[in-house]
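For reference, the structure discussed in these notes is given below.
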Amino acid sequence: MGPDDIFDRYQELQRYVSWQEEDVQRVGATAALLDSALPALIDDFYAQIELHPGARKVITGGAAQIARLKGTLLAWIRELLRGPYDQQYVARRWQVGWRHVEIGLDQVYTNVALSRLRNGLLRTLEEKWTGSADGLVATRRSLNTLLDLDLAIIEDAYQSEYLARQQRAERLAAIGQVAAGIAHELRNPLNVIKTSIYYLLNARNPTPEKRAEHLGRIERQVMLSDNVITALANFAKMPLPNMQPFPLRKCLEEAIEASVLPDEVQVTIDFPSALPPALGDPDQLRIVLGNLIRNAREAMPGGGRLTLTGHPTGDGIEVHVADTGTGIAPELLGRIMEPLYSTKARGLGLALARAILDKNRGSLHVVSEPGRGSTFTVRLLAVPREA
């Protein structure tokens with residue numbers, strides 16, 4: 001978030017706890033009262049850190065660093081009591097949470113450290129207070145509210161930065177996994193192409209049949225490589241869906257036509273004529289259905305039956321894509337739709353299909369029996385029927 005967004009968020013939190021100008025005045029009146037006690041409170045703050053390894057581990061600069069930190073904390077408390085609670089004030093609080101992520105300090109230590117500091121400030125306030133009891137109660141409430149606001153914005157910054165760093169780390173790990181998977185998958189067709197090219201360049205008087213065989217091998221391996229790259233590119237660039245009503249059977253038929261199924265695969269389509277329109281992005285969902293159809297084709301290298309059925313269910317529509325192929329081992333069922341769990345192009349396709357369906361408010365499930373085939377079930381929203 002930018003500085004304006006952070007300040008807007010802080011002001012929203014102020015409104016949430018009903019922070020008023022009267023609170024500003026009450027807290028400001030304690031600044032002079034508490035100032036002489038602040039060094040002792042800060043010494044206690046860092047003495048406690050020394051007793052707890054989880055907090056102490058981030059202090060690596062010895063006494064010189066602690067002296068600097070004490071000065072920073074003193075300025076922080078004085079600003080807490082005096083304000084102004086403007087954009088710069090909030091930005092410095094946000095920076096505290098960001099810095100704690102950077103140095104690896106668990107947020108729980110910030111919470112308990114601020115609790116100890118809070119208790120010290122309130123205890124000192126009670127000891128030095130000379131006004132009315134009602135005034136003390138109101139001032140304590142205002143000071144507690146301000147400390148809660150500080151802690152909220154620090155923790156918000158901590159969580160935002162921690163999540164951002166975690167996502168960056170996951171992306172880097174995914175990039176490494178992608179690189180390994182793609183390298184493995186492309187190396188196999190490249191090796192086949194290489195051997196066929198070697199044959200065509202070095203064979204003496206190859207027969208037309210042999211020449212055609214090796215040219216066909218090259219073409220098939222180029223297509224396989226292109227499928228891998230296309231699946232990866234689609235996975236990386238998937239836009240937000242254009243949600244609209246569309247006829248699901250027509251979308252399915254287009255996906256079948258684009259998949260170029262061999263004659264050995266018999267296709268059965270069973271969709272009731274009264275099936276309501278589906279709700280989603282037909283272009284994206286055509287990719288999902290095409291991936292599932294191609295998976296079924298690959299699972300039946302010697303031919304088989306592909307059965308595509310659709311039926312309404314609650315407020316949605318289910319499409320079952322069933323094959324009579326090799327099936328999936330039970331230990332793999334829970335992971336086959338994880339991104340790049342499989343290094344095959346079809347593994348990328350399943351991850352892509354699930355990502356598309358998530359964006360289209362749909363879902364994908366699979367049941368399978370080794371040696372007997374698999375059934376993938378796509379669930380989509382349906383256009384509500386008029387009452």
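The values are calculated or read from the model by the stated rules, or taken from the named source; none is laboratory data. As the structure is a prediction and not an experimental result, all values here were calculated from the model. All Cβ positions, even for glycine, are placed from backbone atoms using ideal geometry, and neighbour counts span all protein chains on display.
Things to note:
- Helices (runs of 4 or more DSSP H) completely within the range 23-125 that count 2 or more residues being farther than 23 Å from Leu136 by Cβ: 38-50, 53-56, 62-82, 87-103
- Selection within the range 354-387: residues that are acidic (Asp, Glu) and without any contact (Cβ under 8 Å) to a residue 24 or more places away in the chain. The member of this set that is surrounded by the most Cβ atoms within 10 Å (Cβ to Cβ) is Asp358.
- Test: residue in the range 313-328 that is among the aliphatic types (A, V, I, L, M) and at pLDDT below 90: yes
- Among the residues of the range 4-43, those that are over 35 Å from the mean Cα position of the chain (by Cα) and loosely packed, with under 14 Cβ neighbours inside 10 Å comprise Gln20, Glu21, Glu22, Gln25, Ala32, Ser36, Pro39, Ala40, Asp43.
- The set of residues from the range 271-299 being under 18 Å from Ala258 (Cα atoms) and in a loop (DSSP other than H, G, I, E, B) comprises just one member, Asp281.
- Near pairs, Cβ below 7 angstrom, 6+ apart or cross-chain, from the range 211-240 (closer than 16 Å to Asn291 by Cβ and at pLDDT below 80) to any residue that is assigned to a helix (DSSP H, G or I) and of a type in the set (Asp, Glu): Val228/Glu185
- Total residues in the range 132-141, condition over 12 Å from Val27 (Cβ atoms) and either exposed (fewer than 11 other Cβ atoms within 10 Å of the Cβ) or under 42 Å from the mean Cα position of the chain (by Cα) (or both): 4
- Hits in the range 59-85 - residues which are free of Cβ contacts under 8 Å to residues at least 12 places away in the same chain and among the charged types (D, E, K, R): Arg68
- Residue in the range 46-57 that is free of Cβ contacts under 8 Å to residues at least 40 places away in the same chain and under 17 Å from Leu147 (Cα atoms) present: no
- Residue check for Val96: closer than 17 Å to Glu155 by Cβ, in the same structural domain as Tyr158 (by TED's automatic domain parsing) and hydrophobic (A, V, I, L, M, F, W, C): yes
- Against the test of being among the small types (Gly, Ala, Ser), under 30 Å from the mean Cα position of the chain (by Cα), in the same structural domain as Lys359 (by TED's automatic domain parsing) and at pLDDT 90 or above, the options Ala278, Ala255 yield a single qualifying residue, Ala278.
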